[in-house]
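Only one structure is covered here, and it is reproduced in the block below.
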Amino acid sequence: MPDPATYRPKPGEIPIDPGVYRFRDPQGRVIYVGKAKNLRARLSNYFQDLSALHPRTMTMVTTAASVEWTVVTTEVEALQLEYSWIKEFDPRFNVKYRDDKSYPYLAVTMAEDVPRVQVMRGAKRKGTRYFGPYTHAWAIRETVDLLLRVFPVRTCSTGVYKRAGQVGRPCLLGYIDKCSAPCVGKISPEDHQALAQDFCDFMAGNTQKFVRRTEREMKAAAADLDYERAARLRDDLGALDKALEKSAVVLPDATDADVFAIADDELEAAVQVFHVRGGRVRGQRGWISEKVEDVGTPELVEQLLLQVYGGETGEGVPREVLVPELPATVESDVEDWLSELRGSRVDLRVPQRGDKRALMETVQRNASQALVLHKTRRGGDLTTRSQALQELQEALGLDEAPLRIECYDVSHTQETNVVASMVVFEDGLPKKSDYRRFAVRGDEGGVDDTRAMREVLTRRFRRLRSDEADDARITETDDGAEIETSAPVSGEVLAGIDPDTGRPRRFSYAPNLVVVDGGQPQVEAAARALADVGIVDVALCGLAKRLEEVWLPGETHPIVLPRTSPGLFLLQRVRDEAHRFAITYHRSKRSKAMTTSALDGVPGLGQARKTALLRHFGSVKKLRAASAEEVAAVPGMGPRTAQAVVEALQGGGTQAVDTAAQPAVNTATGELLD
């Protein structure tokens, strides 16, 4: 465990300007990013007596091995740089408001000639109107289904739309009057564009105009004795009312605001946000986050706004942002930053009275209940994971708990299409961004399980050694001598320049424990691979499937953990995940190998030329009967490539198969014959 005093910069070296700082661990990974109005005053707080620090802050500074900083001009620049570094490095100790899902939006593609209404997730596209976010996609579909009676906008995909236009018949929605059928010309693109604009206006909160218009048309139809049309308009009016009932009216019609509330304790914080558009609650979201420092609500609000709106532009930022407390020291800077993102003025404030204050109290109650529910559900999970890691530490005789575990598995079919997988678990949870897969080349003289395992581990840890060598630096000591070290060095980083690794290289992180899927043979092969590369500080074990025995290198008897052991359950989970990842890759590779063509491997023949040949001749059989001159007559084919195609198809190329070398099969029993 590093001592913060070993990498503490001298006070005179740290500037007093605004800036952003990063803490790195001994492997060079960025583990925490923060910003400060005064870098010297802020960083000095981290190097005080450890007993005076927040527990997670103490863990962070003792995990780190260096600190570096970048000086900027203003606090708005610090906000932007901090957001960029958090998104790039994904620091372990930063507050992360994550809900493990992308919330759905109701989107109208107004940039298209014939706009489409659909459910969308992920990054927002230019020229598309978004409404939401909603909690569930089915809530969007229910609302759209009601409104299609009044605004029959296209909802079909591009393929369905084009197909309907080709055959001259609309889809089912066109027949039941829930689509105006622009695909077959029942409505012009201009009229459909106006219809989509009316749909957007209604969703944006301008609802009374359409309700009054529908009522007026219904009464006019009844006065003209057109009772059938009046009945349809009556049903349309009911659909509008039902759609409006789904969104509670909480604020005046013109109000667009996001209302945030936070409930926290010493270790965690729960966030709830209500999205109010047109005076109605259009969506609600919630997050739970661990706190790395003993910070108050203003600091949490600042981090929350930074992460929620960091990737938003335009209408993604509402006109009002209501928070429980203003950010600690940069409320004006955060407000200016939000206004810059939106392109117009954003009002960031704390509601004091009236309907907005009442809504804030409702959101606050939701946040408090979410925190209580989270602690009730997760208490056992945190305890179990900690217990599992402690059991593995004791059973395997490790110096510390294996916080990073890598597991390897080999998959093949009769030693063909041999592949391997590497999965990573950190703190007892899978970290899928660090997963890797290998195509086994047979470097160790064969492709059986043990040789494949040895090859994969050799390649992985040889890469680790190479990365460590690349990260080595020359440091000058006080007496003028130069020493080579791979440890990070504290100091200033020029803005926009990362002198170390640039982007994080997760593949170069060393594990605490390597697990292989198999028994003693696989473990010994893995141990030889680690020894050949010179890895001596990484623990190794294997998990055999039959009796779930844990094998250690050099041992003649396995370790048998109790069946109810959390440590055994964690190993099984890691092993099963590695097996799943390996077999998925193997199936993909095997499927590609089975869909081969006689034209594969012909020099100079790419996919475009293959398609042209098959389109011209109709089949490989007819192509095989063609001469080189006939093949060369196909557009895009040259004489040399045509001759190569003829030789390959007529047995003179690499595609000829030696059937005599293939094993015979007893069709009755399926056995291979000599």
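The values are calculated or read from the model by the stated rules, or taken from the named source; none is laboratory data. Please read these numbers as outputs of a predicted model, since none were measured by experiment. All Cβ positions, even for glycine, are placed from backbone atoms using ideal geometry, and neighbour counts span all protein chains on display. Areas reflect the complete protein model, heavy atoms only, side chains present, ligands, DNA and RNA absent. Shrake-Rupley method; radii C 1.70, N 1.55, O 1.52, S 1.80 Å.
Can you confirm whether Arg29 is touching a Pro at 6+ places or on another chain (Cβ under 7 Å), among the charged types (D, E, K, R) and buried (at least 21 other Cβ atoms within 10 Å of the Cβ)? Break it down into steps so the answer makes sense when it comes.
Numbers: touching a Pro at 6+ places or on another chain (Cβ under 7 Å): yes; among the charged types (D, E, K, R): yes; buried (at least 21 other Cβ atoms within 10 Å of the Cβ): yes.
In short, yes.
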**Asked** For the range 454-466, which residues satisfy the criterion of being more than 28 Å from the chain's Cα centre (by Cα) and either hydrophobic (A, V, I, L, M, F, W, C) or modelled with pLDDT of 85 or more (or both)?
**Response** Arg454, Glu455, Thr458, Arg462
**Message:** I'm trying to understand the selection: among the residues of the range 168-177, which are open to solvent by 40 Å² or more (accessible area, probe 1.4 Å) and not in a helix (DSSP H, G or I)?
**Reply:** Gly168, Arg169, Cys171, Ile176, Asp177
**Message:** Within the range 590-605, does at least one residue satisfy the condition of being open to solvent by 30 Å² or more (accessible area, probe 1.4 Å), of a type in the set (Val, Ile, Thr), modelled with pLDDT under 85 and touching a strand residue (DSSP E or B) at 6+ places or on another chain (Cβ under 9 Å)?
**Reply:** no
**Message:** For the structure I just gave you, tell me whether Ala358 is at pLDDT 80 or above, crowded, with 16+ Cβ neighbours inside 10 Å and small (Gly, Ala, Ser).
**Reply:** no
**Fill in**
The correct count of residues that are without any contact (Cβ under 8 Å) to a residue 40 or more places away in the chain, in contact with a Pro (Cβ under 8 Å, 6 or more places away or on another chain) and in a helix (DSSP H, G or I) in the range 184-201 is 1
**Item:** Subset of the range 404-453 that is over 20 Å from Val514 (Cα atoms) and in contact with a strand residue (DSSP E or B) (Cβ under 6 Å, 6 or more places away or on another chain) - its residue that is modelled with the lowest pLDDT
**Value:** Val447
**Asked** Just wondering, is there one or more residues in the range 35-58 that are of a type in the set (S, T, N, Q), in contact with an Asp or Glu (Cβ under 6 Å, 6 or more places away or on another chain), open to solvent by 20 Å² or more (accessible area, probe 1.4 Å) and farther than 24 Å from Trp337 by Cβ?
**Response** no
**Complete:** Across (1) open to solvent by less than 50 Å² (accessible area, probe 1.4 Å); (2) at pLDDT below 85; (3) closer than 30 Å to Glu524 by Cβ, Leu570 clears everything bar (2)
**Request:** Considering every residue within the range 105-124, establish whether at least one is open to solvent by 20 Å² or more (accessible area, probe 1.4 Å), touching a Leu at 6+ places or on another chain (Cβ under 9 Å), farther than 19 Å from Tyr309 by Cβ and modelled with pLDDT of 80 or more.
**Result:** yes
**Request:** Of the conditions (1) farther than 17 Å from Glu82 by Cβ; (2) hydroxyl-bearing (Ser, Thr, Tyr); (3) within 34 Å of the chain's Cα centre (by Cα), Tyr32 clears all except one; give me its number.
**Result:** (1)
**Of all residues in the range 551-591 being charged (D, E, K, R) and part of a loop (DSSP other than H, G, I, E, B), the one that is farthest from Ala388 (Cα to Cα)** = Glu555
**Complete:** Inside the range 210-230, the number of residues satisfying the requirement of being under 23 Å from Thr109 (Cβ atoms) and open to solvent by 70 Å² or more (accessible area, probe 1.4 Å) is 0
